[in-house]
Amino acid sequence: MKIKTARVIVTCPGRNFVTLKIETDEGVYGIGDATLNGREKAVASYLEDHVAPILIGRDARRIEDIWQFLYRGAYWRRGPVTMTAISAVDTALWDIKAKAAGMPLYQLLGGASRDRVLVYGHANGADIEATVDEVGRYMSLGYKAIRAQSGIPGVKGAYGVARGKMYYEPADAAAPTETVWDTTAYLNFAPKLFERLREAHGPVIELLHDIHHRLTPIEAARLGKAFEPFRLFWMEDPTPAENQEAFRLIRQHTVTPIALGEVFNSIHDCRTLLEEQLIDYIRATVAHAGGITQLRRIADLAGLYHVRTGCHGATDLSPVTMGAALHFDLWVPNFGIQEYMMHTEETDAVFPHAYSFDDGYLHPGEAPGHGVDIDEKRAAKHPYDPKQLPVARLTDGSMWNW
Ligand code: EZ4
Ligand code: CO
């Protein structure tokens with residue numbers, strides 16, 4: 001089964017997505033997500049100019065060898081652009097292998113370890129009471145786990161808060177929107193949000209929160225401690241993780257569980273974090289962390305240290321990643337939770353998919369492959385629209401982590 005074509009499809013049904021479609025001489029094709037939010041064209045060029053030409057004629061069944069060929073063969077290892085491109089190829093090849101076998105992907109991986117995949121939805125509001133109401137609305141939709149983010153008085157453009165719409169889509173302008181970050185205001189505010197959420201919604205609902213890399217390790221330690229009475233499922237990305245050892249300090253001070261890794265693209269990004277049990281959930285996912293092939297290795301390493309998976313699933317991960325991640329989630333023994341932000345109707349129409357939501361859980365469906373396709377005619381109706389992610393500055397004007 002030889003690779004005949006490898007084409008990149010860029011489409012913007014409300015937001016930009018890059019998709020790789022690999023066709024074989026036997027007529028079976030597979031698709032992979034190559035979307036890197038705000039840097040889409042870099043991955044599209046990487047695939048079109050440097051990867052597609054060297055895939056033609058290769059045996060599509062040799063997934064491992066092609067992964068190693070692209071990883072070792074680039075000489076310039078790792079990095080989000082390279083690894084997103086490799087992920088797209090890998091996902092498309094697993095899709096092809098599963099379709100050729102006539103099986104849903106989770107069966108090839110080893111079969112289902114559970115009946116359905118627990119997901120968490122995103123509730124956000126302009127202030128505490130609006131967020132409390134929104135969490136209530138998600139509970140009434142059946143969600144068992146909910147991420148809560150709120151506007152903070154005096155902070156312009158706090159992370160995770162939609163501007164008037166249901167969907168939060170941070171990549172909102174061709175040049176980055178400037179937001180302001182005020183650590184003191186946030187540290188005073190965040191525990192009050194969760195105190196009020198527990199008071200309004202009781203002890204059972206799982207509550208999550210994303211700090212989005214905004215704190216220093218000692219600030220994160222203090223916040224984790226302050227969150228303890230409200231039993232968070234996790235606090236996410238409390239501090240940037242280039243320095244993995246920094247998490248030793250946070251860990252010494254708090255039992256609030258820590259989730260990390262949506263920006264990771266390599267097993268090496270999380271090795272110390274896993275081996276020293278400095279985190280509880282690893283957020284790497286199919287699109288950015290080397291496809292199914294590397295994600296599986298990361299999960300196996302994590303499993304040795306009681307770390308569970310919590311795959312990234314914001315709307316910049318296309319339905320292709322969501323589909324592939326759900327097959328992975330249904331199989332992976334040390335599954336924790338899956339992030340689920342609904343895509344718009346326009347996006348769902350471009351990417352018909354077999355997965356479905358019911359009562360707070362998703363299931364990948366039984367279609368052969370990963371169960372997600374691309375409608376190229378519809379995709380062509382939505383041309384690329386350049387957008388970048390925001391940036392954050394401290395109140396004195398210094399650049400900070402968005
Ligand atoms: O800001 O995916 O947990 N989810 C997140 C996301 C990220 C976006 C960046 O592209 O942190 O909303
Ligand atoms: Co996040």
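The values are calculated or read from the model by the stated rules, or taken from the named source; none is laboratory data. Quick caveat: nothing in here was measured; it's all calculated off a predicted structure. Positions of Cβ are backbone-derived with ideal geometry, glycine not excepted, and every protein chain shown enters the neighbour counts. In case anyone asks, the SASA skips ligands and DNA or RNA and just uses the protein heavy atoms, side chains included. Shrake-Rupley method; radii C 1.70, N 1.55, O 1.52, S 1.80 Å.
If you go through the range 120-127 one residue at a time, do you hit one that is in a helix (DSSP H, G or I), small (Gly, Ala, Ser) and either out of contact with any Ser or Thr (no Cβ under 8 Å at 6 or more places or on another chain) or open to solvent by 40 Å² or more (accessible area, probe 1.4 Å) (or both)? Let's see the steps before the verdict.
First pass over the range 120-127, keeping only residues in a helix (DSSP H, G or I): none.
There is no residue in the range 120-127 that is in a helix (DSSP H, G or I), small (Gly, Ala, Ser) and either out of contact with any Ser or Thr (no Cβ under 8 Å at 6 or more places or on another chain) or open to solvent by 40 Å² or more (accessible area, probe 1.4 Å) (or both).
Of the numbered conditions (1) out of contact with any Leu (no Cβ under 6 Å at 6 or more places or on another chain); (2) open to solvent by less than 10 Å² (accessible area, probe 1.4 Å); (3) of a type outside the set (Val, Ile, Thr), Trp234 satisfies every one except a single condition; which is it?
Single failed check for Trp234: (1).
Residue by residue through the range 353-374, note down the ones that are among the small types (Gly, Ala, Ser) and either open to solvent by 10 Å² or more (accessible area, probe 1.4 Å) or part of a loop (DSSP other than H, G, I, E, B) (or both). Before you say what the answer is, go through the steps one by one.
So the first thing to find is which residues in the range 353-374 are among the small types (Gly, Ala, Ser), and the list is 354, 356, 360, 365, 367, 369, 371.
Passing the criteria: Ala354, Ser356, Gly360, Gly365, Ala367, Gly371.
Looking at Ile86 and the list (1) closer than 25 Å to Tyr355 by Cα; (2) part of a helix (DSSP H, G or I); (3) open to solvent by 10 Å² or more (accessible area, probe 1.4 Å), which single condition is not satisfied?
With respect to (1) closer than 25 Å to Tyr355 by Cα; (2) part of a helix (DSSP H, G or I); (3) open to solvent by 10 Å² or more (accessible area, probe 1.4 Å), Ile86 is out only on (3).
Just the residues that are over 9 Å from the mean Cα position of the chain (by Cα) and either within 15 Å of ligand 2 (Cβ to nearest atom) or of a type in the set (Phe, Trp, Tyr) (or both), please, taken from the range 295-321. Working first, answer last.
We begin by selecting, within the range 295-321, every residue over 9 Å from the mean Cα position of the chain (by Cα); these are 295-309, 318-320.
Scanning the range 295-321 gives Tyr305, Thr309.
Looking at (1) within 15 Å of ligand 2 (Cβ to nearest atom); (2) open to solvent by less than 50 Å² (accessible area, probe 1.4 Å), can you tell me which one Glu206 breaks?
Here Glu206 meets the rest and fails (1).
If you scan the range 20-42, which residues turn out to be over 21 Å from His312 (Cβ atoms) and either within 16 Å of ligand 2 (Cβ to nearest atom) or open to solvent by 10 Å² or more (accessible area, probe 1.4 Å) (or both)? Even if it seems obvious, please write down each step before you answer.
Kept after step one, since they are over 21 Å from His312 (Cβ atoms), are these residues of the range 20-42: 21-30, 41.
Result: Lys21, Glu23, Asp25, Glu26, Gly27, Val28, Tyr29, Lys41.
Checking Ile146 against (1) part of a helix (DSSP H, G or I); (2) touching a Leu at 6+ places or on another chain (Cβ under 9 Å); (3) under 25 Å from Ala325 (Cα atoms), which test does it fail?
The one condition Ile146 does not meet is (1).
Can you name every residue in the range 309-349 that is away from ligand 1 (no atom under 11 Å from the Cβ), part of a strand (DSSP E or B) and within 23 Å of Pro368 (Cα to Cα)?
Answer for the range 309-349, where residues must be away from ligand 1 (no atom under 11 Å from the Cβ), part of a strand (DSSP E or B) and within 23 Å of Pro368 (Cα to Cα): Phe335, Gln338.
Could you tell me whether Val204 is more than 21 Å from Ala130 (Cβ to Cβ), within 16 Å of ligand 1 (Cβ to nearest atom) and modelled with pLDDT of 95 or more? Give the steps one after another, and end with the answer.
Working: more than 21 Å from Ala130 (Cβ to Cβ): yes; within 16 Å of ligand 1 (Cβ to nearest atom): no; modelled with pLDDT of 95 or more: yes.
So Val204 fails the test.
Looking only at the range 307-342, count how many residues are over 29 Å from Glu276 (Cα atoms), touching a helix residue (DSSP H, G or I) at 6+ places or on another chain (Cβ under 7 Å) and surrounded by fewer than 24 Cβ atoms within 10 Å (Cβ to Cβ).
Number of matching residues: 0.
Mind listing just one residue for me: the one in the range 19-45 that is touching a residue at least 60 places away in the same chain (Cβ under 8 Å) and of a type in the set (Asp, Glu) and, of those, farthest from Met103 (Cα to Cα)?
Glu40
For Thr285, state whether it is part of a loop (DSSP other than H, G, I, E, B), within 12 Å of ligand 2 (Cβ to nearest atom) and open to solvent by less than 10 Å² (accessible area, probe 1.4 Å). Spell out how you get there, then give the answer.
Details: part of a loop (DSSP other than H, G, I, E, B): yes; within 12 Å of ligand 2 (Cβ to nearest atom): yes; open to solvent by less than 10 Å² (accessible area, probe 1.4 Å): yes.
Considered against the rule, which asks whether it is part of a loop (DSSP other than H, G, I, E, B), within 12 Å of ligand 2 (Cβ to nearest atom) and open to solvent by less than 10 Å² (accessible area, probe 1.4 Å), Thr285 comes out as yes.
Looking at (1) surrounded by fewer than 22 Cβ atoms within 10 Å (Cβ to Cβ); (2) in contact (Cβ under 8 Å) with a residue 24 or more places away in the chain; (3) touching a helix residue (DSSP H, G or I) at 6+ places or on another chain (Cβ under 7 Å); (4) closer than 29 Å to Asp348 by Cβ, which is the one condition that is false for Glu48?
(3)
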